[in-house]
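A.B. asks: Below: one structure in structure tokens.
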Amino acid sequence: MTEHAPGAARRADVLVALIKIIEAEIDWDIELLDAISRDTHLIGDLDYDSVAVILLLNKIEAEFRRPNLPFEELLMVDGTIVGDLSVGEIADFLHEHRNGGHQ
Amino acid sequence: MSGRALLLGIDGATFTLLDPFIDEGVMPFLGRMVADGVHCTLASTPHPYTPQAWTALATGCGPGETGIFDFIRVELGEHGLRYMMATSHDLRRETIWSIAARQGRRAASLNFPVSFPPRPLDGAIVPGFVPPRHLRRFVYPAGLYKRLTELPGFDPSELLLNLELERTPLEMLPADRYEDWIRVHIRREAQWAAIAELLLVEEGCDFLAMIFDGADKLQHLCWRLLDPALVAQQPTRWERRIRALCLDYYRALDEHLEHLCDVAGGDARVVVCSDHGFTATREIFYANVLLAEHGYLRFSDRAPSDAAGRHMIEAHRNPAELFDWTATKAVAITAGSNGIYVRRGEGGICPASYDSFVERLAQTLLAYRDPTDGGPVVRRILFREDVFAGAANGRAPDLTLALRDHGFLSVLRSASPLRRRPQILGTHHPDGVLVARGPGIRSGARIETVSILDVAALLLHSLGLPLPIDMQAELPTEVFEPEWLSSNPPRPGPPTEPPAAFETQPPQLDKAGETQVLERLRALGYVE
């Protein structure tokens with residue numbers, strides 16, 4: 001299904017904002033060979049540790065001013081803790097939970 | 001009233017050890033403080049646990065008002081388990097260093113839990129209990145970090161929570177690693193003392209609050225080598241060596257206390273205190289195993305069975321995958337909190353059934369008996385509404401267990417609900433310590449037990465500041481000389497600042513694009 005242009009623009013805005021947050025959270029030494037994109041993984045590509053992931057999710061809640069985002073949906077799939085998260089997965093999650101509900 | 005106030009916290013300090021250390025000349029300065037000042041038992045929070053207790057001390061309010069029950073923020077609802085690190089955003093009451101700074105006292109806070117991200121104030125914050133790689137970002141003000149790096153021996157990997165160091169459960173630390181582990185804590189305290197001195201001397205702080213947390217770590221691991229009641233009459237060579245190294249830790253700590261008091265000056269009022277005491281634990285209670293036996297939860301097929309006496313899966317890792325959430329209505333999530341969380345909403349317990357469910361659950365836990373001696377293992381159940389009453393108790397555990405040996409429960413699966421430990425370890429006890437000395441403070445007095453909440457009032461009054469009317473703390477008047485107190489009576493003051501008033505700096509997206517992006521997202525409903 002082709003997404004309407006306005007919807008695509010909204011997803012793009014979320015992605016831009018999210019990437020800026022992720023970049024701002026990186027306070028450790030890392031050489032980024034490529035720009036952060038949807039396919040970038042927090043742990044595998046950006047060397048986030050488990051604490052940094054949690055702090056990032058806290059920051060996302062603060063920046064989007066949405067204190068009760070159900071991140072457990074993102075972090076657990078079929079009863080298993082997800083090993084790594086991509087920027088795109090987080091962006092899609094935020095898009096799905098706009099307006100305070102699951103869209 | 002002039003002069004500084006100094007809070008020198010020693011995590012887990014207990015007179016069980018301090019008294020013999022003073023008598024044996026291991027901690028002579030602390031002995032002089034006791035002789036020249038006031039000392040007493042300091043009653044911890046209802047569950048004597050570091051994040052609850054230190055934040056209660058720092059705010060003068062109980063956990064039901066601070067909203068801090070653990071290092072982890074736990075919520076169990078229809079979506080399952082939310083497991084996030086507790087940060088300063090979750091602390092719903094104002095700290096005493098913030099209160100002091102707002103009223104013209106330059107203040108500093110060092111190594112307190114839940115103090116990151118730092119909230120701006122006239123002073124400095126170096127948070128504790130964070131991984132070293134994040135220190136630079138969380139030191140306040142930003143320029144302070146560079147000055148810390150210039151301190152001799154500065155090493156963030158030893159100063160702060162080192163996940164590799166902390167990852168090995170203490171009960172599994174091999175004997176040949178004890179010495180290095182203890183030496184790390186000796187070096188760590190030296191670093192914190194140097195930072196404190198820098199802030200007192202070069203920043204001119206009027207109020208400094210800090211925690212030396214190595215004592216807690218040493219006592220968890222080495223309690224059997226430290227408690228006079230447990231020390232072997234004929235220790236092995238290894239036991240003598242490790243005990244001697246532990247005493248080196250306490251000697252060095254005593255020297256840090258003395259040096260910082262000297263730096264603060266003779267007109268400073270100094271409080272040395274702990275968040276809780278310590279005692280021995282000989283068994284481990286696998287609470288979730290009991291809950292599973294009674295149908296309150298189901299372990300997932302992947303949940304391993306513990307045979308090593310561990311409390312949690314490795315540090316900071318989400319335990320959610322241990323459980324089958326389709327069949328779990330009550331569960332212990334974090335070991336340190338000793339808390340049982342009841343699942344609400346869809347898949348959980350409805351409001352109408354909550355009271356009877358919780359009562360039945362409490363009876364199940366209290367009824368459990370040690371198969372060996374027939375005694376009850378759960379000494380007492382603390383209900384949320386009773387011990388965590390307050391405006392911020394939404395994330396408190398529904399039940400908190402007080403075990404017969406004061407131990408921490410295990411959240412893991414095991415062959416049976418109760419196992420004997422292969423060796424005695426240390427665990428938290430409700431009775432901590434308070435020692436205070438300075439102008440106007442009584443000399444050579446042992447007084448009745450003081451509540452940990454009341455330390456906040458003691459420190460604010462020591463700075464000549466009024467006591468906020470919304471603070472639960474009360475001034476422990478017995479600390480002071482009656483004549484001095486009559487000339488310097490406590491004054492009620494305006495309420496503390498609500499959390500919204502001191503939220504950290506505005507969202508820190510790239511400044512060039514921030515407003516435009518956020519405005520667009522706000523209009524589309526992504527941002528509230």
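The values are calculated or read from the model by the stated rules, or taken from the named source; none is laboratory data. Model, not experiment: these values are computed from the prediction. Quick reminder, even Gly has a Cβ in these numbers, built from the backbone with ideal geometry, and neighbours come from all protein chains shown.
A.B. asks: Out of contact with any Ser or Thr (no Cβ under 7 Å at 6 or more places or on another chain) and among the aromatic types (F, W, Y): which single residue out of B:F388, B:F408 fits that description?
C.D. replies: Values: B:F408 fails: out of contact with any Ser or Thr (no Cβ under 7 Å at 6 or more places or on another chain).
Sole residue among the options that is out of contact with any Ser or Thr (no Cβ under 7 Å at 6 or more places or on another chain) and among the aromatic types (F, W, Y): B:F388.
A.B. asks: Just to check your reading of the model, which residue among B:V271, B:V289 is away from chain A (no Cβ under 14 Å), of a type in the set (V, I, T), out of contact with any Asp or Glu (no Cβ under 7 Å at 6 or more places or on another chain) and in a strand (DSSP E or B)? Give the steps one after another, and end with the answer.
C.D. replies: On the way: B:V289 fails: in a strand (DSSP E or B).
Just a single option satisfies the conditions, and that option is B:V271.
A.B. asks: Identify all residues within the range A:8-33 that are over 16 Å from A:I60 (Cα atoms), touching a residue at least 12 places away in the same chain (Cβ under 8 Å) and facing chain B (nearest Cβ under 10 Å); write none if there are none.
C.D. replies: Scanning the range A:8-33 gives A:R10, A:W28.
A.B. asks: Within the range B:86-95, how many residues are within 25 Å of B:A193 (Cα to Cα) and within 14 Å of chain A (Cβ to nearest Cβ)?
C.D. replies: The qualifying residues number 2.
A.B. asks: Given the structure, is B:D405 modelled with pLDDT of 95 or more and in contact with an Asp or Glu (Cβ under 7 Å, 6 or more places away or on another chain)?
C.D. replies: Working: modelled with pLDDT of 95 or more: yes; in contact with an Asp or Glu (Cβ under 7 Å, 6 or more places away or on another chain): yes.
The answer is yes for B:D405.
A.B. asks: Further, regarding this structure: Counting only residues that are assigned to a loop (DSSP other than H, G, I, E, B) and more than 14 Å from chain A (Cβ to nearest Cβ), which one in the range B:55-68 is farthest from A:N68 (Cα to Cα)?
C.D. replies: So, considering only residues that are assigned to a loop (DSSP other than H, G, I, E, B) and more than 14 Å from chain A (Cβ to nearest Cβ), the one farthest from A:N68 (Cα to Cα) is B:G60.
A.B. asks: Take the conditions without any contact (Cβ under 8 Å) to a residue 12 or more places away in the chain and of a type outside the set (D, E, K, R) and apply them to B:G374. Does it pass?
C.D. replies: Values: without any contact (Cβ under 8 Å) to a residue 12 or more places away in the chain: yes; of a type outside the set (D, E, K, R): yes.
The answer is yes for B:G374.
A.B. asks: Can A:L69 be described as within 26 Å of B:V74 (Cβ to Cβ), modelled with pLDDT under 90 and assigned to a helix (DSSP H, G or I)? Talk me through it step by step, then tell me what you get.
C.D. replies: Numbers: within 26 Å of B:V74 (Cβ to Cβ): yes; modelled with pLDDT under 90: yes; assigned to a helix (DSSP H, G or I): no.
When the stated conditions are applied, A:L69 does not pass them.
Results for (1) surrounded by fewer than 23 Cβ atoms within 10 Å (Cβ to Cβ); (2) without any contact (Cβ under 8 Å) to a residue 60 or more places away in the chain; (3) outside any loop (DSSP other than H, G, I, E, B); (4) within 12 Å of another protein chain (Cβ to nearest Cβ), shown as yes or no for each residue.
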{"site": "B:A53", "(1), (2), (3), (4)": "no, no, yes, no"}
{"site": "B:D70", "(1), (2), (3), (4)": "no, no, no, no"}
{"site": "B:E75", "(1), (2), (3), (4)": "yes, no, yes, yes"}
{"site": "B:M84", "(1), (2), (3), (4)": "yes, yes, yes, yes"}
{"site": "B:W97", "(1), (2), (3), (4)": "no, no, yes, no"}
{"site": "B:A108", "(1), (2), (3), (4)": "no, no, yes, no"}
{"site": "B:P118", "(1), (2), (3), (4)": "yes, no, no, no"}
{"site": "B:F154", "(1), (2), (3), (4)": "yes, yes, no, no"}
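A.B. asks: Within the range B:1-43, track down each residue that is among the aliphatic types (A, V, I, L, M) and free of Cβ contacts under 8 Å to residues at least 40 places away in the same chain.
C.D. replies: Our first condition is that a residue be among the aliphatic types (A, V, I, L, M); within the range B:1-43, this holds for B:1, B:5-8, B:10, B:13, B:17-18, B:22, B:26-27, B:30, B:33-35, B:38, B:42-43.
Residue satisfying the conditions is B:I22 alone.
A.B. asks: Only one of A:I36, A:I19, A:I30 is modelled with pLDDT of 90 or more, under 26 Å from A:I81 (Cα atoms) and assigned to a loop (DSSP other than H, G, I, E, B); which? Talk me through it step by step, then tell me what you get.
C.D. replies: Values: A:I19 fails: assigned to a loop (DSSP other than H, G, I, E, B); A:I30 fails: modelled with pLDDT of 90 or more.
Matching residue, one of A:I36, A:I19, A:I30: A:I36.
A.B. asks: Could you check the range A:34-88 and list, in sequence order, the residues that are closer than 15 Å to A:K20 by Cβ, surrounded by fewer than 17 Cβ atoms within 10 Å (Cβ to Cβ) and free of Cβ contacts under 8 Å to residues at least 40 places away in the same chain?
C.D. replies: A:A35
A.B. asks: Please verify whether B:G348 is over 30 Å from B:E202 (Cα atoms) and in contact with a His (Cβ under 9 Å, 6 or more places away or on another chain), treating the condition exactly as stated. Lay out the reasoning, then the answer.
C.D. replies: On the way: over 30 Å from B:E202 (Cα atoms): yes; in contact with a His (Cβ under 9 Å, 6 or more places away or on another chain): no.
Judged against the criteria, B:G348 is not a match.
A.B. asks: Is it true that some residue in the range B:162-175 is modelled with pLDDT of 90 or more and assigned to a helix (DSSP H, G or I)? It would help to see each step written out before you state the result.
C.D. replies: Within the range B:162-175, the first condition is being modelled with pLDDT of 90 or more, and the residues that meet it are B:175.
From what's left, assigned to a helix (DSSP H, G or I): B:175.
Yes - at least one qualifying residue is present in the range B:162-175.
A.B. asks: Just to verify a result, which residue in the range B:403-425, among those that are surrounded by fewer than 17 Cβ atoms within 10 Å (Cβ to Cβ) and either of a type in the set (S, T, N, Q) or closer than 25 Å to B:E65 by Cα (or both), is nearest to the chain's Cα centre (by Cα)?
C.D. replies: Across the range B:403-425, the extreme among qualifying residues is B:Q423.
A.B. asks: Further question on the same structure: Just for the range B:475-522: of the residues that are at pLDDT below 55 and under 34 Å from the mean Cα position of the chain (by Cα), which one is surrounded by the most Cβ atoms within 10 Å (Cβ to Cβ)? Full working, then the answer.
C.D. replies: Applying the first criterion (at pLDDT below 55) to the range B:475-522 yields B:504-522.
So of that shortlist, the ones also under 34 Å from the mean Cα position of the chain (by Cα) come out as B:504-509.
Working: B:T504: 16, B:Q505: 8, B:P506: 10, B:P507: 18, B:Q508: 16, B:L509: 20.
Here the answer is B:L509.
A.B. asks: So, in the range A:47-70, of the ones that are more than 7 Å from chain B (Cβ to nearest Cβ) and over 13 Å from the mean Cα position of the chain (by Cα), which residue ends up nearest to A:I26 (Cα to Cα)?
C.D. replies: A:D47
A.B. asks: Which condition breaks for B:R310 when tested against (1) closer than 16 Å to B:Q423 by Cβ; (2) in a loop (DSSP other than H, G, I, E, B); (3) modelled with pLDDT of 95 or more?
C.D. replies: It fails just one condition, (3).
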